[in-house]
Structures are given as C-alpha cells and as structure tokens.
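What follows is a single structure, written as structure tokens, with notes after it.
Derivation of every value follows stated rules applied to the coordinates shown; laboratory data play no part. Values in this document were obtained by computation on a predicted structure and should not be read as measured data. Because the Cβ atoms are built from the backbone with ideal geometry, glycine has one as well, and the counts that use them run over all protein chains shown.
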Amino acid sequence: MKNLAQKVGETLLAKGMKLATAESCTGGWVSQAVTAVPGSSGWFDCGFVSYSNTAKQKMLGVDLEVLETKGAVSESVVAQMAEGALRNSDANIAVAISGIAGPDGGSEDKPVGTVWFAWAIDGHPTVTCLSFFNGDRDEIRLQAVEQALEGVMAYLPH
C-alpha cells in the first residue's frame, strides 16, 4: 500500500493538487496511509474521520434527512461526504468512504463487505458501491483503503 500511496502523492504533486479524505468505516486509515509517505504535506491537506451520523452532519454537512432515509452506507451520503470534505478544506480532490466492515451490522440489502466510495473534484462526485470485499474486519477495511487510493489515481485528470 505504501507504493500506491506514494504514487498518488507523486501524481498529485505533479498536478499541483491536494487530497482530503472523508472516512467512516476505514477510521482514518487512508489518511494514515498517505501521511506515512515522506513529503505528504505537499499534497495531503486533511482527513475527516466521521464515524457517527452526527459527525457526518457537523463536520461534512451531510443532510440529516438523507442519513435517516438512505442510511450512512449509501450513494447519497458518500457523495455529500466528498463534497463536504472539499468545502471544508483546501483540497482539490476528495475521497469519501462509508461501509460495513463487520463482523456485525450487515443486512440483506447491505451485507458485510458493502462499501460505498465517492471521489470529487470541484464538487462533482463520482460514486460507486462495491460489495465484494471479503474477509474479517481488518481485511475489508484494508481492501477499502486500497480501492480508495486506486480510485484517486483513476479519477485524477490525465
């Protein structure tokens, strides 16, 4: 993962861009991965760990009605998390993550291993849901961190 985080940093630095993260189920793991790279202060602005619905509202401006009707693990919520991370930082690109890492908390509609991602530049989020992550809690979270960083690479302008 360190090589991926370093590649993200080199690309952001070359483009003169900065990253912000809005994390729920990963608990700041994306931020930890990128700040483990020497020189990351040149391309990483900040990370929001918004685990509770209240934190999502207060820190990132996620709409309470959306949280109540769609749930924290949803397309609408991660889109608003990414947009809020951009609004509340000096970053040009943000990644948001909300999912069910288990071992409990899954449902038929949202089984353990379901993770929603959003990547946003200039307030225009791209959102995807991946529900194929397998393993225990740490393995699911690690896969989510890697997907978040791979998505940053894919979403950056070429």
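By the count of other C-beta atoms within 10 Å, a proxy for reagent exposure, 116, 43 are ordered fewest to most as 43, 116. Mean sequence separation of contacting Cα pairs (under 8 Å, at least six apart), scaled by the length of segment 43-83, corresponds to a relative contact order of 32 percent.
Each Lys and Arg Cβ is given +1 and each Asp and Glu Cβ -1; about its Cα centre, segment 1-84 then shows a dipole of about 340 debye. When the Cα positions of 43, 30, 135 are compared along the charge dipole of the chain, 43 comes out farthest toward the positive end, with charges on each C-beta of Lys, Arg, Asp and Glu. Considering only alpha-carbon pairs that sit under 8 angstrom and 6 or more positions apart, the relative contact order computed for the chain is 23 percent. Computed from Cα positions, the angle between helix 137-155 and the longest principal axis of the chain comes to roughly 50 degrees. Across all directions, the shadow cast by the convex hull of segment 95-143 built on its C-alpha atoms averages 3.5 square nanometres.
Among 36, 14, 120, determine the one that fluctuates most according to a GNM of the chain built with springs between C-alpha atoms less than 10 Å apart. Largest GNM mean-square fluctuation: 14.
Close Lys pairs in the chain (alpha-carbon distance under 22 Å; sequence gap of 8 or more, or different chains): 9. In percent, rounded to a whole number, the relative contact order of segment 111-158 is 33, using alpha-carbon pairs under 8 Å and six or more apart.
Under the convention that each Lys and Arg Cβ holds +1 and each Asp and Glu Cβ holds -1, the size of the dipole of the chain around its Cα centre is about 400 debye. Ordering 44, 132, 117 from the fewest to the most neighbouring beta carbons within 10 Å gives 132, 44, 117. Exposure proxy ranking for 46, 25, based on other Cβ atoms within 10 angstrom of each Cβ and starting from the fewest, stands as 46, 25. Once the chain from residue 153 to residue 104 is taken as fully extended at 0.36 nm per residue, the excess over their C-alpha distance is 14.5 nm.
Could you rank the peptides 88-96, 101-109, 138-146 by their average count of other C-beta atoms within 10 Å per residue, with the highest value first?
Values: 88-96: 22.9, 101-109: 13.1, 138-146: 19.6.
Highest-to-lowest ranking by the protection proxy: 88-96, 138-146, 101-109.
Computed from Cα atoms, the angle from the helix 2-15 axis to the main principal axis of the chain rounds to 60 degrees.
Stretched out straight at 0.36 nm per residue, the stretch from residue 137 to residue 36 would grow longer than its current Cα-Cα span by 34.2 nm.
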